[in-house]
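Read through the structure below, which is laid out as structure tokens, and then see the notes.
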Amino acid sequence: VDVSIGHGWKPIHGPLVVTKSKDNLIYEINGEPALKVYKRALKEIANVEISEENFCEVAHAFPLGIVSLRDKECILRNFIGFEGDALIVASSIPVFSSVFIMKGEKEELIDASCKVSWEVFSKSQGKVAILFDCVSRIFSLGEDGLREEIDRIFLCAGRKDIKVFGVSGVGNITNANYDEVKFLNKTILMGVFKDEGIRSS
């Protein structure tokens, strides 16, 4: 399978350093309580006040991006809540990770999907592709945005003889572009089967 990944989210605050964490709990950022840093940053950059009631809605729009040494795009992490002053994310973040607070615009997310489609079909003669689209990315796009994304995926493939099927899930898992397997939120992952014998129903 020829694979390509992307997301289109951009850093809007940072870099910051995770100075204390364990598994999927971030206790400190830049030596301060993590929730305090996140709240202050969103107040400064988006004039948004975070509360217990609106945390999930607000944090959904401003995920965390881990700087990747192997890829131009950050590895995204969804916030799923907080515990005291600790931020809870969808998967682990190592201590001393460099991170950014991210934001995604609809047009840039769709452009990223276009790029993924072009990249994967330009390096493969296969006609059948499987698409994994993170559900939190779909929430950001909305129903109309998802339709537009799918249309662009077919358009940007540059070919008319393709078939694409796929699923949405809580995240994607891949080792493409990395030295080890990575868990990715808010990301599109697409693979084209090289075997011409594969058929979609």
Quiz item: On a 0 to 90 degree scale, rounded to 10, what angle separates helix 135-156 from the longest Cα axis of the chain?
Solution: 30
Quiz item: What residues qualify as long-range amide H neighbours of GLY171, i.e. H under 5 Å apart, gap of 5 or more or another chain, H built at 1.01 Å from N?
Solution: VAL135
Quiz prompt | Relative contact order computed over region 30-164 (Cα-Cα under 8 Å; 6+ residues apart), in percent | solution = 21
Quiz item: For region 88-138, which chymotrypsin sites (Phe, Trp or Tyr not before Pro) are both in a DSSP coil and crowded by at most 15 other Cβ atoms within 10 Å?
Solution: PHE96
Quiz prompt | Contour minus Cα-Cα distance for LYS160 and SER51 (0.36 nm per residue) | solution = 34.4 nm
Self-check item: For ASP111, solvent-accessible area (1.4 Å; no DNA, RNA or ligand), Å²
Solution: 80
Practice problem: Step through the table entries LYS103/LYS160; LYS123/LYS160; LYS103/LYS163; LYS10/LYS160; LYS10/LYS39, compare each Cα-Cα distance with 24 Å, and write down the pairs that go over it. | Solution: LYS103/LYS160; LYS103/LYS163; LYS10/LYS160
Exercise. Return the long-range amide H neighbours of SER97 (sequence gap of 5 or more, or a different chain), with a cut-off of under 5 Å between placed amide H atoms.
Key: VAL18
Quiz item: So, with a 1.4 angstrom probe, what is the percent of accessible area on the chain that is carbon and sulfur?
Solution: 53
Exercise. Report, to the nearest 10°, how far helix 106-122 tilts away from the longest principal axis of the Cα atoms in the chain, using its own Cα long axis and a range of 0 to 90°.
Key: 40
Quiz prompt | Simple label model, 7 Å out from Cα along Cβ direction - LYS20 to ASP144, nm | solution = 4.6
Exercise. Quickly estimate the mean residue ellipticity at 222 nm for the chain, helices only: each DSSP H run with n ≥ 4 gives -39500 (n - 2.57), and the total goes over all residues, rounded to 500.
Key: -9500 deg cm²/dmol
Self-check item: Loop trypsin sites (Lys or Arg not before Pro), region 4-86 (other Cβ atoms within 10 Å of the site Cβ: 11 or fewer; DSSP)
Solution: ARG70, LYS72
Quiz item: Given Cα pairs under 8 Å that are at least 6 residues apart, what percent is the relative contact order of region 113-162?
Solution: 67
Practice problem: Please turn the phi angles of region 36-45 into ³J(HN,Hα) values with the Karplus equation 6.51 cos²θ - 1.76 cosθ + 1.60 (θ = phi - 60°), one per residue in order, whole Hz, x for glycine and proline. | Solution: 4, 5, 5, 4, 5, 5, 5, 5, 6, 8
Quiz item: Which GluC sites (Glu not before Pro) in region 91-144 pass both tests, a DSSP loop state and at most 15 other beta-carbon atoms within 10 Å?
Solution: GLU105
Quiz item: Considering only protein heavy atoms, what per residue accessible area in square angstrom results for region 1-114 with a 1.4 angstrom probe?
Solution: 49
Quiz item: Which label marks the calculated value of Cα Rg over 2.2 N^0.38 Å, given the options [x] 1.08; [y] 0.94; [z] 1.57?
Solution: [x]
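The values are calculated or read from the model by the stated rules, or taken from the named source; none is laboratory data. Quick caveat, the model's predicted, so the values are computed rather than measured. No Cβ is skipped: glycine too gets one built from the backbone with ideal geometry, and neighbour counts run over all protein chains shown. Surface accessibility is based on the protein's heavy atoms, side chains included, excluding ligands, DNA and RNA. Shrake-Rupley method; radii C 1.70, N 1.55, O 1.52, S 1.80 Å.
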